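Scroll down for the structure; my scribbles are underneath it.
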Amino acid sequence: MLTDEQIRHEADIDASYTRGLHYYRNSCVKTLHFSASDNTFEAKVLGNDLYRIAVTFTPAQKIEQYHCDCPAFFRYHGACKHIVAVLKAIQQNWDTYFTTASYVPITRATKAMLDFFQNTGLEVQVDKPYSASRLKLIPTYSFQWYPDQRLSRLDFTIGTDRMYVVKNIPQLITAMDTNQELIFGKNFTLHPIEAIFDEPSAALLQLLKNAYDEENQRALWNYHSFSGSSANSAFSEARHFKLTNTYLMRFFEIMHTQPFTAIINGQTPAKLTVQKGRPPIQLAVEAAKGGLRLSMAAKDEVFYGLDTDYRYIYHNNTIYHTDTVFAGYVKRLLECLYETRKAEIAIPAITVSDFVSGTLPVLETIASVKVDATVYSKFHKELLVKQVYLDKFAEGISAKIEFCYGTVIINPAADTNAVPSAPEEKWLLRSTAQERELLGVFQQHGFVWENGSLVLPDEDAAYTFLQQGLPKLQDIAEIFYADAFHHIKIQPATRIAAGVRLNTHTDMLEFSLQLDDISAKELIELLAAYKLKKRYHRLPNGAFIPLDSTEFQTAARLIDALGLRPSDIEKQVVELPKYRALYLDSLARESPDFTMERSSTFKRMVQDIREPQDSECVIPQGIQGKLRDYQKTGFKWLKSLANYGLGGILADDMGLGKTLQVIAFVLSEKANCQAPSLVIAPTSLVYNWQEEVFKFAPSLNAVVISGQPDERVEQLQDIGNADLVITSYGLIRRDVTFYQKTAFKYCFLDEAQHIKNPNTLNAKSVKQIKAGSYFALTGTPIENTLTELWSIFDFLMPGYLRSHKAFTSRFEIPIVKNGDKRALAELGRHIKPFIMRRMKKAVLKELPEKVETKMVSEMTPEQTKLYAAWLLKAKSEFEAEVSANGFKKSQIKILSLLTRLRQICCHPALFIENYEAGSGKLEMLQELIRDAIGSRHRILLFSQFTGMLALIKQTLTAMQLSYFYLDGATKADERLRLVNAFNAGENEIFLISLKAGGTGLNLTGADMVIHYDPWWNPAVEDQATDRAYRIGQKNSVQVYKLITKNTIEEKIYLLQQQKKEMIDTLIKPGENFLTKMSESEIRELFTL
């Protein structure tokens, strides 16, 4: 049993214990869940925030550990007040959680449930007795109109043949709710459980119940809001139900086809009905002294709006249910008419024009209007001429307005509204709608009256007015401009003249950019305004130049993308590196409003790179084997780039022969230059390169630089006689000073993702190599971040994507964080010409299919318990770590916690000593292998944990199955021997560490790939799969991904799918663009 003394002992300080008791007594423990498998409670406690608490007890029912995510828990050593509150909650229900009692108390909830289903619940199962006469609840509707309000109420009678007055409506509702008998008279007692009402009566009864329940609910919010006798209550008088607007409309909906008794303003007409339609309204307009008079044609007719919106109108013993348009107009009309006892409205002479031109046409849509003949004889109408005088005002505009009716000129800003006398004392009938239209344009743009004129002093608002308002005014009025206003205009978009040519003497591009009638200085000012996201630039003479034209925006982006400085813009011609040619051409092609003159040499260069398949380059003599058409295109693309001193990324899908295309290219260049080319590859692929060169181009002298330092020094002395020098990333870091002494013809990086981090020695070392052109080979130029792409381009063409800081600001942050599609398209325009990417499905129609299957296993019972316990522990440690050090500084700890969870999914024995309870996934793997071998499949089995591969080796040995094994410790020459032996048919299974064997190996001897555990990045898994699914594969390839149910592995798999769904915009086709995991994504991994 948990005692108060024990809880007090756990509390950090007395104050924590005292406050914890207070939290418990005030019901701050909102949820409490118990897991019997590990004696752990999880709870949520409401304090300044909603905090999560976990408390674990030992099998002996002693407190083992606890955790809270409140700030105080991490500052002190004992239990915080939230944990104390949870311990008190556990203490109060101790027997429920830890002992089995023979006596179970009847709780209030239990009793309520039993009472309900034993009483009212019988109604569901037992038919009510038949009654020949259904009960009726008959309403009487009363309406009283006052000048300042309207009141509606209902009274009721109840019965079958003889009706009885309902003297207490709340009592009736309560009786029906509680099944209590209610006596109305000697011959009628209401038995609710047997009562059957007709349909309208049942609906009315429900209406009463809803209103009564609603008032009782309000009483819970505010004690004084309903006390039964309150004047504000709908039931303040027990026999009357006072109707709010909402319940009035519901009442009319119920009675829409039923006649009912009504008392309207003390009168009791024949029974009323509700019908849809508009009541007939007849109005009269007559001449009166000083103007006109509007009144009802029949003086004794009445129209009462029963509801506040006049959707229901009483007229001549009928309640009309009107449409919303009619109701909106008639409400205002009737309210104005009934403001006076005479039910008429006076129209003064000064408003006659407004009435006749604006009000009268609308009234005629809702009523029959009779206009007295003498009225029209008093009108005098002239054509309206609207004149607007525009002038300069501060940084903005002023406007003087005149409305001209013949010889009468009206200034709308005048203090008096008197209408000038017209001939024969007739009233001038003004076109007020047109006047309002004109004034509305100015009001819409922010003009205000000042000294008889409309003024707009703000420059930005003035620009908007010139753009949008002035064209409208020119259509509806005569416009006059003061001398000072003539320059205040929007100058037409300036035409941009751009040109580019390739200077074959300087080997540079020459670029020119000019704007008509705009000096270089003004252009620089325009660009500065554009960078500030302004809509316009104002010239010294007051004119506005819009900056939102497509042509100007294209030119501005071009200048920014090229990194041109003000000093460059002042020049007539700017020299640019050749690698800018493809970007300039792309911009010119994609921007129809932007024209750029291009020289013939420039066009030829662009065509050679964009359409390499049309090149006249021929495959060199001496190449062994036949290149496929797409490989010939890749070869020609390399030739074109090299011819212009440029570099690129050959990013073909894994297994499409990138190595062969490079070998053919190097062979074709052998006669042109005696300098060697350099290949830098992962250690595991160095000898593979040498073997591929010997196989496809035996005439090339390929030298591998490897071995001990003194051996490598000796080898490097003789590289001048080599055609191709091959070394590894690991050795280039150590020997880079020797390589710097040689000017290589070309430099190739195989698996170029090895330099994805620009700050590593790998990246820094290869970027010190001197060569004519640089090329990268990789199936995954982007694995996680855009910085990886920048780093590769920084090797290929330094400065092409600007500095890393500028690249991050211009592209990476807008694209990854903000989803900026324009930045994405702009980056694509820069990089696409220098990336050649082909996918297997597009170019290898004869390649057999690849079938991917997800196989889900359940953990063993012991494994399940371990996972749940470790998940809780990991979640607690994660929260503590992030709280103490912040998310970004906790990456190593987080990775460690996640790795432990993933290892339990694979097999708890990976880190738990003497664990012998087995693994659900390993058991599924045994079945899968047994079936596969029985069907004569040959298997590649990948895991990122070498410890797991060791456990699998033990399993295969017990199954008497032979296998090969490869991990990071396997030497390069041994790797080659194992690969060749497996492809030759030796052994049926190849166990491979994902990181060590996921790239560079050709294992087409396998037709089944098993990924034992999922990796964060699906691109890495795809690379591993393509060790088998590549050129030379004759069989369909089955790919199995083993996932443990209800674990972190399922979440990783889901994350993979989400990443794969991101639109491939940068690298076409098919390359996944991945982002780093966010904090919210990682938090999700620590949930069940």
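Some notes on this structure:
- Kirkwood analysis of the Cα pair distances in the stretch 291-356 returns a hydrodynamic radius of 13.0 Å.
- C-alpha center-to-center spacing [the stretch 847-883, the stretch 896-935] in angstrom: 12
- Net charge in the neighbourhood of Gln960 (other residues with Cβ under 15 Å of its Cβ; Lys, Arg +1, Asp, Glu -1) is +1.
- The relative contact order of the stretch 380-485, computed from alpha carbon pairs under 8 Å that lie at least 6 residues apart in sequence, is 39 percent.
- Relative contact order for the stretch 4-96, counting Cα pairs under 8 Å that sit 6 or more residues apart, in percent: 32
- With the simple model of a label 7 Å out from the Cα in the direction of the Cβ, His486 to Ala743 spans 6.6 nm.
- Relative to the dominant Cα principal axis of the chain, helix 946-958 is inclined by about 70°.
- The stretch 801-859, Cα convex hull volume normalised per residue, Å³: 187
- Once you reduce the stretch 363-415 and the stretch 463-529 to the center of their Cα atoms, the two points are 39 Å from each other.
- Nearest-0.05 FRET efficiency for Arg239 and Asp213, computed from C-beta distance (R0 25 Å): 0.80
- Less than 5 angstrom separates the built amide H of Ile835 from those of Ile649, all sequence-distant by 5 or more or on a different chain.
- In percent, rounded to a whole number, the relative contact order of the chain is 6, using alpha-carbon pairs under 8 Å and six or more apart.
- Two-decimal log10 I(q)/I(0) for the stretch 429-558, as the Debye equation yields it once each C-alpha is a single scatterer, q = 0.12, 0.13 Å⁻¹: -0.62, -0.69
- Bridges between two residues of the chain, per DSSP, are antiparallel at a rate of about 55%.
- Peptides 84-93, 919-928, 504-513, 1001-1010, ordered by how many other C-beta atoms sit within 10 Å of their residues on average, highest first, read 1001-1010, 84-93, 919-928, 504-513.
- In summary, the lysines within cross-link reach of Lys770, defined as a Cα separation below 27 angstrom excluding same-chain residues under 8 places away, comprise Lys578, Lys636, Lys639, Lys658, Lys670, Lys741, Lys745, Lys756, Lys805, Lys832.
- Relative intensity, log₁₀ I(q)/I(0), of the stretch 506-593 from a Debye sum that treats every alpha carbon as a point, q = 0.12, 0.18, 0.22, 0.25 Å⁻¹: -0.38, -0.84, -1.19, -1.43
- Mean Cβ neighbour count within 10 Å, used as a protection proxy, ranking 580-588, 483-491 highest first: 580-588, 483-491
- Summarising the amide proton neighbourhood of Ala343: residues at separation of 5 or more, or on other chains, whose placed amide H is nearer than 5 Å comprise an empty set.
- The stretch 513-557: radius of gyration and largest Cα-Cα distance (Dmax), Å: 9.7, 27
- Loop-located GluC sites (Glu not before Pro) in the stretch 536-582, at most 13 other Cβ atoms within 10 Å (DSSP): Glu570
- Rg(Cα) / (2.2 N^0.38 Å) computed for the stretch 883-1014, rounded to two decimals: 1.19
- Among the GluC sites (Glu not before Pro) within the stretch 673-753, not one is in coil by DSSP while having at most 13 neighbouring Cβ atoms inside 10 Å.
- Our coupling estimate for the stretch 573-585, obtained by passing each phi through the Karplus curve with A = 6.51, B = -1.76, C = 1.60 and θ = phi - 60°, is 9, 10, 8, 10, x, 4, 5, 7, 4, 5, 5, 4, 5 Hz, Gly and Pro reported as x.
- The ellipsoid that matches the Cα gyration tensor of the stretch 5-96 has semi-axes, each √(5λ) in whole angstrom, of 18, 14, 13, with the longest given first.
- Distance between the C-alpha centres of the stretch 648-714 and the stretch 1008-1051: 29 Å, rounded to the whole angstrom.
- Principal axis dimensions, the stretch 272-419 - Cα atoms, whole angstrom, descending: 67, 41, 25
- If you bin all the Cα-Cα distances of the stretch 132-264 at 10 Å, starting from zero, the percentages per bin are 11, 42, 35, 11, 1.
- Each 10 Å bin from zero holds the following percent of Cα-Cα pairs in the stretch 611-843: 7, 33, 36, 18, 5, 0.
- Chymotrypsin sites (Phe, Trp or Tyr not before Pro) restricted to the stretch 304-343 and DSSP loop, no more than 12 other C-beta within 10 Å: none
- With the highest mean first, a sort of the peptides 787-795, 398-406, 55-63 on other beta-carbon atoms found within 10 angstrom per residue produces 787-795, 398-406, 55-63.
- Gyration tensor (Cα) of the stretch 850-1085, equivalent ellipsoid semi-axes in angstrom: 31, 23, 16
- Computed over the chain, Kirkwood Rh from alpha-carbon pairs, angstrom: 39.8
Every number here is computed from the coordinates shown, using simple stated rules; none is lab data. Quantities reported herein were computed from a predicted structural model and do not represent experimental measurements. Glycine gets a Cβ as well: all are built from the backbone with ideal geometry, and neighbour counts include every protein chain shown.
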